[in-house]
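Peer 1: Here it is, the structure in full.
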Amino acid sequence: MSSITNHLPTAELQALDAAHHMHPFTTNNELAAKGARIITRAKGIYLTDSDGNEILDAMAGLWCVNLGYGRPEMGKVAARQMDELPFYNTFFMTSHVPAIALAAKLAELAPGDLNHVFFAGSGSEANDTNLRMVRTYWAQKGQPEKSHFISRNNAYHGSTVGAGSLGGMTYMHEQGGLPIPGIHHINQPDWWSEGAESNDRDFGLARAKELEAKILELGADKVAAFIAEPVQGAGGVVVPPATYWPEIQRICKKHDVLLIADEVICGFGRTGNWFGSQTMGITPDIMTIAKGLSSGYAPIGGSIVSDKIAEVINACEFNHGYTYSGHPVCAAVALENLRIMEEESIVEHVRDVAAPALADELTMLNEHPLVGGVNVSGLMASLPLTPHKESRARFAGNKGDVGFICRENCFANNLIMRHVGDRMIISPPLVITPEELKEFGKRAKKALDATYATLK
Ligand code: PLP
């Protein structure tokens with residue numbers, strides 16, 4: 001089918017898409033009226049669409065194609081693994097080499113005593129694992145009532161019932177009866193949007209102290225864990241003030257509340273270290289991983305768990321798992337991804353080369369009258385758009401209309417930047433070069449100029 005449809009004209013592909021394909025997080029009727037942009041090939045940081053346009057992907061797909069597109073080694077490893085062992089499960093006292101090797105490699109890369117991996121097919125599934133594993137942990141320790149989770153407003157932890165509940169997106173909660181009971185949300189440390197007149201250090205501390213207030217309100221004996229991304233991604237690339245994480249870590253320790261770092265976006269080099277937890281100087285009890293684990297070449301996620309938790313969970317039968325937990329082809333692809341990342345020093349490239357080059361481009365873009373500042377950590381960044389830089393004012397209605405217009409102008413300039421409300425989001429493949437970042441800056445400026453012109 002795909003080789004046939006590849007040769008169909010764009011309009012026919014769009015018609016088939018509209019007739020049969022329901023897209024995630026999309027008003028499908030609107031998409032049908034407009035016609036989907038159909039991506040047919042990709043290489044490096046560039047996508048090609050069915051009309052032959054070359055598009056600079058400053059989002060690495062969905063924050064995941066860290067190695068860039070079209071690495072032939074990945075396909076070779078997948079094909080070899082499909083020949084050798086395309087599938088076997090890891091239930092019922094069995095294992096296989098790719099899952100064993102990947103778990104051992106992750107234990108080596110992860111900081112501290114995070115030495116144990118429970119595999120999943122995605123970040124959402126991994127966060128569902130965390131929910132059940134943490135509750136089981138406390139129950140096994142004789143504290144079953146220590147079952148409540150605290151998360152943050154506007155957090156994104158996935159789309160399953162559990163992960164969607166852990167997340168703090170109200171527009172998701174409105175559909176399908178979320179959140180499930182026992183999950184509570186506090187404010188995010190978003191100084192740019194919510195810090196008003198305060199300085200960012202005081203604001204960061206105040207937002208961290210909301211965690212302690214919530215723990216005391218619920219009772220520390222009822223609170224199982226706090227979950228957060230080191231740097232919030234889908235919430236708009238919210239880089240917390242420096243005061244935030246040390247205080248969160250202190251509060252979790254003091255009240256014996258487990259700390260789960262959702263590393264689905266931050267993990268595997270995005271912030272200039274292997275994990276965002278290292279960039280933020282925290283020691284979590286569990287890390288959620290997905291996306292960059294395989295650079296998006298194969299669907300795989302997981303939870304990396306501390307010795308303390310594994311000791312308890314491994315002593316009982318944990319009745320949880322997925323058919324594709326540790327899928328051999330996905331695990332082999334992830335291992336190859338990590339091998340290339342190490343061989344090519346990609347984390348060092350982010351830290352020493354690409355992040356400083358991105359920072360230069362962001363400084364240039366921050367001079368634009370529409371841009372209200374820069375949020376950046378390594379190779380993830382956001383540029384909030386504003387009608388008035390000095391006061392960090394929002395556009396009337398705060399509905400993200402200007403961000404949407406800017407995203408469309410990016411498309412028109414063959415650039416993919418996403419918008420979260422009125423923030424423009426940047427998260428390119430980690431292999432991006434300084435020259436390619438210059439090209440990004442040029443296209444982004446054109447899109448901002450075009451957006452500014454429509455607002456006059
Ligand atoms: N956690 C975070 C921080 C994410 O950004 C995402 C996806 O964007 C998820 C979890 C869910 O991952 P998946 O889409 O693989 O289920």
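Just so it is clear, none of the values below were taken in a lab; they were calculated from the coordinates. Since the model is a prediction, treat every value here as computed from it, not as a measurement. Note that each Cβ is placed from the backbone with ideal geometry, even for glycine, and that neighbours are counted across all protein chains shown.
Peer 1: List the residues of segment 145-189 whose backbone N lies under 19 Å from a point placed 7 Å from the Cα of D256 along the Cα-to-Cβ direction.
Peer 2: 145-150
Peer 1: Give the long-range amide H neighbours of A155: residues separated by 5 or more places, or on another chain, with amide H under 5 Å away, using H modelled in the peptide plane at 1.01 Å from N.
Peer 2: Excluding prolines and chain starts, which carry no amide H, the hits are G168, M169.
Peer 1: Here is the link list: K34/K446; K209/K445; K141/K291; K34/K76; K399/K445. Which ones come out longer than 29 Å on Cα distance?
Peer 2: Flagged as over cut-off: K209/K445; K141/K291; K34/K76.
Peer 1: What are the aspartates and glutamates whose alpha-carbon lies under 12 Å from the alpha-carbon of K438, with same-chain residues fewer than 8 places away excluded?
Peer 2: Cross-link targets: D360, E361.
Peer 1: Under a crude label model (7 Å from the Cα following the beta-carbon direction), how far is L455 from R201 in nanometres?
Peer 2: 3.2
Peer 1: OK, next. Quick one: Debye curve from the C-alpha atoms of the chain, no solvent, what's log10 I(q)/I(0) at q = 0.06, 0.07, 0.09 Å⁻¹?
Peer 2: Here log10 of I(q) over I(0) equals -0.26, -0.35, -0.60.
Peer 1: Arrange L114, L13 by Cβ neighbour counts within 10 Å, fewest through most, would you?
Peer 2: Fewest-to-most ranking of L114, L13: L13, L114.
Peer 1: With a/c under 1.5 counting as rounded, go ahead and sort segment 340-379 into rounded, prolate or oblate using the C-alpha gyration tensor (a ≥ b ≥ c being the square roots of the eigenvalues; past the cut-off, prolate if a/b is larger than b/c, else oblate).
Peer 2: Judged from the Cα gyration tensor, segment 340-379 comes out prolate (a/c at least 1.5, a/b above b/c).
Peer 1: Still on this model: Sorting C64, C410 on the 10 Å Cβ count, fewest up front, what's the list?
Peer 2: Ascending number of Cβ neighbours within 10 Å: C64, C410.
Peer 1: Something else now. Please find the FRET efficiency linking D360 to A15, where r is the Cβ-Cβ separation and R0 is fixed at 51 Å, and quote it to the nearest 0.05.
Peer 2: 0.70
Peer 1: What are the trypsin sites (Lys or Arg not before Pro) within segment 119-154 that DSSP puts in a loop, where the Cβ has at most 15 other Cβ atoms within 10 Å?
Peer 2: Those satisfying the criteria are K141.
Peer 1: Tell me, M280, M74 in order of fewest to most beta-carbon neighbours within 10 Å?
Peer 2: Values: M280 25, M74 21.
If I rank by nearby Cβ atoms, fewest first, I get M74, M280.
Peer 1: Here's another thing I want to ask about it. Ignoring the sites themselves, what is the longest stretch of the chain with no GluC sites (Glu not before Pro) in a DSSP loop and at most 13 other beta-carbon atoms within 10 Å? Can you show the working numbers first?
Peer 2: Working: sites that count: E145, E174, E197, E317, E344, E367, E390.
With a cap of 13 other Cβ atoms within 10 Å, the longest stretch comes to 1-144.
Peer 1: Right, next: Kindly identify segment 81-225 as rounded, prolate or oblate by the Cα gyration tensor criterion: order the square roots of the eigenvalues as a ≥ b ≥ c, call it rounded if a/c is under 1.5, otherwise compare a/b with b/c, prolate if a/b is larger, else oblate.
Peer 2: Working: a/c = 1.94, a/b = 1.78, b/c = 1.09.
Prolate.
Peer 1: Multiplying the sequence separation of E73 and C316 by 0.36 nm and subtracting their Cα-Cα distance, what value in nm do you get?
Peer 2: Extending this stretch completely gives an extra 83.5 nm.
Peer 1: Something else about it: Along the Cα-to-Cβ line of R392, 7 Å from the Cα, sits a label point; which residues in segment 227-244 have backbone N less than 20 Å from it?
Peer 2: Residues passing the 20 Å test: 229-244.
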